[in-house]
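The values are calculated or read from the model by the stated rules, or taken from the named source; none is laboratory data. What you see is a predicted model; the values in this text were computed from it and never measured. FYI the Cβ positions are ideal-geometry reconstructions off the backbone, even for glycines, and counts take in every protein chain you see. Please note that ligands, DNA and RNA were not included when accessible areas were found on the heavy atoms of the full protein model with its side chains. Shrake-Rupley method; radii C 1.70, N 1.55, O 1.52, S 1.80 Å.
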Amino acid sequence: MDDRNYFRQFKSKIMLQTIFMILISVLSVYLLYALFLKGNFANWMVEIFQHIFNLDYSNAVYFYDRTIRNYQELIFVIAMIFVFFLIFRMYINSFIHYFMEINNSVDLLVKENIDDISLSPELLVIEKKMNTIKHTIEKQKMDVQLAEQNKNDLIVYLAHDLKTPLASVIGYLNLLYDEEQISPELRKKYLGITLNKAERLEDLINEFFEIARFNLSNITLQYSRINLTRLLEQLVYEFNPILKEKNLSCTLNVKNDMMLTCDADKIQRVFDNLLRNAYFYSFNNSNITITSFESNGKLIIKFINHGYTIPKEKLNQIFEQFYRLDSARSSDNGGAGLGLAISKKIVELHHGTICAKSENEWIEFEVILPNI
C-alpha cells in the first residue's frame, strides 16, 4: 500500500469516528432531554430532598420548585455541555494515543534496542518507515565502527609492513658501515639488497598515500574511446621485466583492435592491479593468461594464474580495503591491500562487475564492462 492510499484510509477512519462521536452526543442530549422533561426526574429530586433535608412531601415539592425547576433550562444546558465534554475528551484521547505511540517510537530510534518498533495497525505505514530509519541508523553505526576498525588495522598494517624492509635497510647499511674491509662483490650485493628494500618501502608508502589521494567517493570519470587490445599489450610489455624475476610468462588472448569506451587511466589502473596481483600469487615458472572477448554487448576480461587456491570464504574479502591473504601478510609480497578494493570501485563506477574464482590451484579474476 502506498502512502497516499494509506492516508486516505486513515482519513476515512477519522471521519467515521467523528460521525460516531456526533451521533453519541446527539443521543446523549436526547436522553438528557427525556430525563429532564419527560421522565420522573422531578419525583426523584423530591424524594432526594425529603431524605437529605428531612422535609415532608409538600415542603420538598416547594423546595424543588424554588431551586431546580426555576433553573431547569440552565441545568439542562450545563449537563449537555458536561456530557459533550466527556465524549469529546474520550475522542481526543484516541488521537493522543497515536501521538504518544509515535513519540515513544522516536525515542526508541536513538536507543540501543534490537527489537523493531511496533505501532497500532492504523499506523502500519509509519511503523514500516520508522523501522527502515532504525535499520538505517543501526547500519550507519556499524559502518562507523567498521571504519574505526579499518583505521586501527591500517596503523597495525603500516607498522608491520614498514618494519620488515626498514629493518633490512638499517641492517645492511650497518654492515656496510662497520665492515671497512668488505669486498667489492659483497658491497655490491649488500647495496643491491638495500636498494631493493628501499624501493619496497617506497612502494608501500605510495600505496598508503592512496587512501588520501584516491578519494573514491569523489571520482569523476573522463570517458574516451580506447583500443583495449593495445592497452593490454602495453601492460604486458611493461610487466615483462617484473615477471622474469619469478620466471613467469604472460599469454594474451585478445582480438585485434577491440574497442572500449571508458576512463582510460582508471581502467589501466584496474588491469595493472590485477596483473600485479597475479604476479604476487603465482607459482614460479608458471604462466599468466589474459583473455578478453565480447558477449551480449559487454566486454569480459579475465586474468588467470596458477597459484595456491583461495578459500571460498575469502574470495569476497579480498576486495575489502586493507585485506590481504595470510600468505601475503607473512611475506614481502603484496601491498597494503588497497589495489583490489580500488579496482572494484573503479569497475563499479563504470557500471561493471568484478569477481574472483579459485579452485584446484587456479585463480581467476573476471571483469565485465558495458561496451557503450
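Can you give me the solvent accessible area of Met259 with a 1.4 Å probe, rounded to the nearest 10 Å²?
70
Using only the heavy atoms of the protein chains and a 1.4 Å probe, how would Tyr172, Tyr91 rank by accessible area, largest first?
The residues order as Tyr172, Tyr91, largest area first.
Just the accessible area for Arg276, please: 1.4 Å probe, Å², rounded to the nearest 10?
Here the accessible area works out near 90 Å².
How high is the FRET efficiency between Met15 and Trp44 when r is their beta carbon distance and R₀ equals 45 Å, given to the nearest 0.05?
Efficiency for this residue pair is about 0.70.
Report, by chain and number, residues whose modeled amide H sits under 5 Å from the one on Leu299, excluding near sequence neighbours (fewer than 5 apart, same chain).
Long-range HN contacts for Leu299: Leu369, Asn371.
With θ taken as phi - 60° and the coefficients 6.51, -1.76 and 1.60, list the Karplus ³J(HN,Hα) couplings across segment 246-251 in order, rounded to whole Hz; mark glycine and proline as x.
10, 6, 9, 10, 9, 9
How much net charge surrounds Glu179 when only other residues with a Cβ under 14 Å from its Cβ are counted (Lys, Arg +1; Asp, Glu -1)?
Every neighbour counted, the sum reads 0.
Provide the FRET efficiency to the nearest 0.05 for the Asp116-Thr220 pair, computing r from the beta carbons and using R0 = 45 Å.
Plugging the Cβ-Cβ distance into 1/(1 + (r/R0)^6) gives 0.65.
With all protein chains present and a 1.4 Å probe, how do Cys250, Cys262 order by accessible area, largest first?
These residues rank, largest area first, as Cys250, Cys262.
Using protein chains only and a probe of 1.4 angstrom, how many square angstrom of Asp116 are accessible, to the nearest 10?
Probe radius 1.4 Å; accessible area of Asp116 about 90 Å².
5 Å is the cut-off here: which amide hydrogens, built 1.01 Å from N in the peptide plane, fall below it relative to Met259, excluding neighbours closer than 5 in sequence?
Leu228
From largest accessible area down, sort Phe20, Phe280; use a 1.4 Å probe on the protein chains.
Phe20, Phe280
Between Met80 and Asp272, what is 0.36 nm times their sequence separation minus the Cα-Cα distance? Round to one decimal in nm.
Gain on stretching Met80 to Asp272: 60.4 nm.
Tabulate in residue order the Karplus-calculated ³J(HN,Hα) for segment 97-105, using 6.51 cos²θ - 1.76 cosθ + 1.60 with θ = phi - 60°, rounded to whole Hz; enter x for Gly and Pro.
4, 4, 5, 5, 4, 5, 4, 5, 5
Among the lysines, select those whose C-alpha is under 16 Å from the C-alpha of Lys197, and discard any that sit fewer than 8 residues away in the same chain.
Counting by Cα, and skipping residues close in sequence, Lys197 has these lysines nearby: Lys163, Lys188, Lys189.
Please compute the modelled spin-label separation between Leu315 and Arg187, points set 7 Å along Cα→Cβ, answer in nm with one decimal.
Those two pseudo-labels are separated by 5.5 nm.
Excluding Gln222 itself, calculate the net charge of residues whose Cβ lies under 14 Å from the Cβ of Gln222, where each Lys or Arg counts +1 and each Asp or Glu counts -1.
Combined, the nearby Lys, Arg, Asp and Glu give +1.
What ³J(HN,Hα) values, in whole Hz, does the Karplus curve 6.51 cos²θ - 1.76 cosθ + 1.60 give for segment 236-241 when θ = phi - 60°, with x put for Gly and Pro?
4, 4, 5, 8, 3, x
Between Thr261 and Asn285, how high is the FRET efficiency from 1/(1 + (r/R0)^6) when r is the Cβ-Cβ distance and R₀ = 41 Å? Nearest 0.05.
Efficiency for this residue pair is about 0.60.
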